[in-house]
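Everything on this sheet refers to the single structure shown next.
The values are calculated or read from the model by the stated rules, or taken from the named source; none is laboratory data. The structure displayed is predicted, hence computed values, not measured ones. Cβ coordinates were reconstructed from backbone atoms using ideal geometry, including for glycine residues, and neighbour counts include every protein chain displayed.
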Amino acid sequence: MIAEQRCVVDLGPVQVAVITDVADVIRCLADFYPLRRNGEAQWAVEAHLGSPAAEMALTPWKVGYHADRGARRVVIQATNPRNLAATTRKAVREVLLDYCATHHYTMLHASAVVGDQNVIVVVGDEGSGKTTLALDGALGGGYRYLSNDHLILYRPQGALVATSLPTPIPIKIGTYLDFADLLGEPWENGGPDIDSFRNIPRQQCYGYDRCLFYTYRGIGHTSPLHAELAGLRVIVVLADYAPAHAPAADPTLVDDPVAALWPHVRFEWEFNSEVNTHYVPRAQRSRSVYARDSRERLTELGSRALVVRWRHHGRLAPLLNWLQRGPGGAR
């Protein structure tokens, strides 16, 4: 316990004041978000240790929460400091998602990195190399880590913007070993004994699903970023791994970007409360409205992006070299 403290979480276009008397809450927020001591905020989250009040809704971890949308205030109570901190972190990201919902967002299963001139978006199913390619760009390629697997596209004031939820970044053991010299200590170890994998052939390590978890801050980056796409060249990659023995192949252009990207729209973040608890009540879009908004965002993205399919070996350099050669149909 600490004396009650207030900090302001900077989410970019919206700020959240957090008031708490639990040290773990402040420490957890600092791992995920830029914090300020003072400043104006549009929302307030109060997090206190104690038994949830009877009128509160409960998370599966018995954390109580109550939100007043009119007052833009969320109150959270729990007897476990760790659960209190985790729920506060998620409530703060719900404020960001609420802001994006007012601007008709969609979310993709996609990683992304942003540089001075390019945004590279990597779309794919689990195991397609999204995190590996993003890490390659962010740790050694001069790019900033924009998204791991929760890429948000929203449209304020007529400009398409890309951002992401500040969530833990799961790095599978094979990918971790590829970048171990550039990564510090993980935020959380998901179970693997790292040393036990070091003498296993690297190709075999890629088959294990065990992960180490990092934060954006833990890899030296800031989240959330909000990248206006209008001033950048956008490359969208529908990715999959090539067999280790297969020669590198150039990307191929996609004829219908919206159809190709549609299977990767994340409906569960809008409609599955087991995946995404709505700590902040908001006007709920129907599935048809969310689908309409998603199609509009994908159409906007496809109209200004170079969209390709690419079977890769875990490094961005071949893609960047291909772009420098001037691929046909580049926009």
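Summary of values
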read-out: Residues (in contact (Cβ under 8 Å) with a residue 60 or more places away in the chain and exposed (fewer than 13 other Cβ atoms within 10 Å of the Cβ)) located in the stretch 220-248; value: 230, 244, 246
read-out: Top-ranked residue in the stretch 6-24 [being within 20 Å of residue 162 (Cα to Cα) and free of Cβ contacts under 8 Å to residues at least 40 places away in the same chain; ranked as farthest from the chain's Cα centre (by Cα)]; value: 15
read-out: Residue among 291, 259 that is within 21 Å of the chain's Cα centre (by Cα), small (Gly, Ala, Ser) and in the same structural domain as residue 139 (by TED's automatic domain parsing); value: 291
read-out: Residue among 65, 99 that is in a strand (DSSP E or B) and among the aromatic types (Phe, Trp, Tyr); value: 65
read-out: Selection within the stretch 167-204 - within 20 Å of residue 126 (Cα to Cα) and touching an Asp or Glu at 6+ places or on another chain (Cβ under 9 Å); value: 167, 168, 169, 170, 172, 173, 178, 179, 202
read-out: Boolean, residue 63 is more than 27 Å from residue 103 (Cβ to Cβ) and over 25 Å from the mean Cα position of the chain (by Cα); value: no
read-out: Candidate set from the stretch 60-97 (those that are β-branched (Val, Ile, Thr) and over 17 Å from residue 27 (Cα atoms)); member that is surrounded by the fewest Cβ atoms within 10 Å (Cβ to Cβ); value: 79
read-out: Evaluation of residue 261 against (1) farther than 15 Å from residue 122 by Cα; (2) surrounded by 17 or more Cβ atoms within 10 Å (Cβ to Cβ); (3) out of contact with any Asp or Glu (no Cβ under 6 Å at 6 or more places or on another chain) (one fails), failing number; value: (1)
read-out: Of all residues in the stretch 132-169 being surrounded by fewer than 23 Cβ atoms within 10 Å (Cβ to Cβ) and in contact with a Ser or Thr (Cβ under 7 Å, 6 or more places away or on another chain), the one that is farthest from residue 108 (Cα to Cα); value: 168
read-out: Cβ pairs under 8 Å, 6+ apart, first in the stretch 283-295 and under 16 Å from residue 268 (Cβ atoms), second of a type in the set (Gly, Ala, Ser); value: 285/101
read-out: Of the criteria (1) assigned by TED's automatic domain parsing to the domain that holds residue 124; (2) over 16 Å from the mean Cα position of the chain (by Cα), which one residue 195 fails; value: (1)
read-out: Residue satisfying all of: in the stretch 13-56; part of a helix (DSSP H, G or I) and among the hydrophobic types (A, V, I, L, M, F, W, C); surrounded by the most Cβ atoms within 10 Å (Cβ to Cβ) among these; value: 25
read-out: Test: residue in the stretch 99-118 that is more than 15 Å from the chain's Cα centre (by Cα), of a type outside the set (A, V, I, L, M, F, W, C) and surrounded by 19 or more Cβ atoms within 10 Å (Cβ to Cβ); value: yes
